[in-house]
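Below: the structure, in structure tokens.
The values are calculated or read from the model by the stated rules, or taken from the named source; none is laboratory data. Owing to the predicted nature of the structure, the values given are computational and were not obtained by experimental measurement. All Cβ positions, even for glycine, are placed from backbone atoms using ideal geometry, and neighbour counts span all protein chains on display.
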Amino acid sequence: MGGKEPTYFLRARYLEAIEAVGGLPLVLPLVTDTVRQRLVLAKVDGLLVTGGGADLAPKLYGERQRFKFRRMSRQRSSLELGIARLAYRSGVPTLGICGGMQSMNVALGGTLIQDITSQIPTALSHQPSCPPTKPAHSIEVVPQTLMRRIAGRATIEVNSSHHQSVKKLARPLFTSAMAPDGVIEAIESCSHPFYLGVQWHPECLYSRDPIQKRVFQALVKAAKNFAS
Ligand code: MN
């Protein structure tokens with residue numbers, strides 16, 4: 001929501017990445033109640049929770065706001081948290097990107113580091129000045145995870161454009177990739193066929209990096225399986 005006239009903003013890259021691997025992207029309406037969120041979710045075979053822009057209000061994970069940052073609108077956070085929770089319960093394949101991964105964690109009861117630089121002074125830069133099409137730091141991918149099957153190896157390079165990250169993991173989730181400084185970079189669930197959150201932006205890398213393309217391919221494949 002922006003300006004005087006309520007308006008939807010969504011980076012086209014997310015939709016282009018889904019189309020590039022044979023999926024059909026649909027943009028969801030900002031429905032804030034569970035009844036309509038359930039109806040919307042029933043229309044799709046998979047869910048991409050996009051990131052970008054503002055951060056979740058810390059009260060949504062039981063904390064007061066400790067640092068200055070822009071809070072997400074009430075409508076958008078209701079949609080993200082509500083639909084991520086419903087998708088977890090109903091087994092809908094779900095990919096969360098950056099803030100979307102953080103919403104998946106909070107939706108299931110986890111918390112967030114509100115500002116990495118302030119709360120982890122030894123952390124490396126997760127908001128470097130390089131463009132998001134360039135890798136910023138490496139991550140270690142945990143063996144025998146969905147992310148490891150997608151990556152095909154233990155260490156990969158990712159971009160980075162976030163000042164928050166997962167603090168306490170929600171109970172049904174585990175870490176499947178970590179930056180060298182300990183910041184959680186990917187999460188997933190073993191009680192769901194495809195519930196993957198990544199802290200980086202594969203939609204800015206997939207055209208040149210086959211590993212990042214496979215993130216979207218895996219989502220679309222899981223969605224096809226879910227549909228049939
Ligand atoms: Mn990072």
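Some points to look at:
- Scan of region 118-137 for residues that are within 11 Å of residue 165 (Cα to Cα) and more than 12 Å from the ligand (Cβ to nearest atom), ordered by number: 119
- Pairs, first of a type in the set (Asp, Glu) in region 149-160, second in a strand (DSSP E or B) and modelled with pLDDT of 95 or more, C-beta under 9 Å, six or more apart: 157/137; 157/138; 157/139
Let's see how each residue does on (1) surrounded by 16 or more Cβ atoms within 10 Å (Cβ to Cβ); (2) basic (Lys, Arg):
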residue: 84; (1), (2): yes, no
residue: 92; (1), (2): yes, no
residue: 103; (1), (2): yes, no
residue: 118; (1), (2): no, no
residue: 126; (1), (2): yes, no
residue: 129; (1), (2): no, no
residue: 134; (1), (2): no, yes
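- Qualifying residue in region 199-206 (condition: of a type in the set (D, E, K, R), touching a Phe, Trp or Tyr at 6+ places or on another chain (Cβ under 8 Å) and either away from the ligand (no atom under 14 Å from the Cβ) or not in a strand (DSSP E or B) (or both)): yes
- Single residue of 153, 171 found to be out of contact with any strand residue (DSSP E or B) (no Cβ under 8 Å at 6 or more places or on another chain) and away from the ligand (no atom under 16 Å from the Cβ): 171
- Region 35-48 - residue that is touching a Leu at 6+ places or on another chain (Cβ under 7 Å) and of a type in the set (Val, Ile, Thr) and, of those, farthest from residue 227 (Cα to Cα): 40
- Filtered by the rule that a residue be part of a loop (DSSP other than H, G, I, E, B) and either among the small types (Gly, Ala, Ser) or within 14 Å of the chain's Cα centre (by Cα) (or both), region 27-57 gives 42, 46, 50, 51, 52, 53, 54, 56, 57.
- Some residue of region 56-74 being among the polar types (S, T, N, Q) and more than 19 Å from residue 223 (Cβ to Cβ): yes
- Yes/no for residue 144 being of a type in the set (S, T, N, Q) and over 21 Å from residue 203 (Cβ atoms): yes
- Screening residue 7 against (1) in contact (Cβ under 8 Å) with a residue 12 or more places away in the chain; (2) outside any helix (DSSP H, G or I) leaves a single unmet condition, (1).
- Meets criteria (within 10 Å of the ligand (Cβ to nearest atom) and surrounded by fewer than 22 Cβ atoms within 10 Å (Cβ to Cβ)) for residue 108: no
- If you go through region 16-26 and keep only what is assigned to a helix (DSSP H, G or I) and either touching a Leu at 6+ places or on another chain (Cβ under 9 Å) or at positive phi (or both), you end up with 17, 18.
- Within region 177-197, considering residues that are free of Cβ contacts under 8 Å to residues at least 60 places away in the same chain, away from the ligand (no atom under 13 Å from the Cβ) and assigned to a loop (DSSP other than H, G, I, E, B), the one nearest to residue 85 (Cα to Cα): 191
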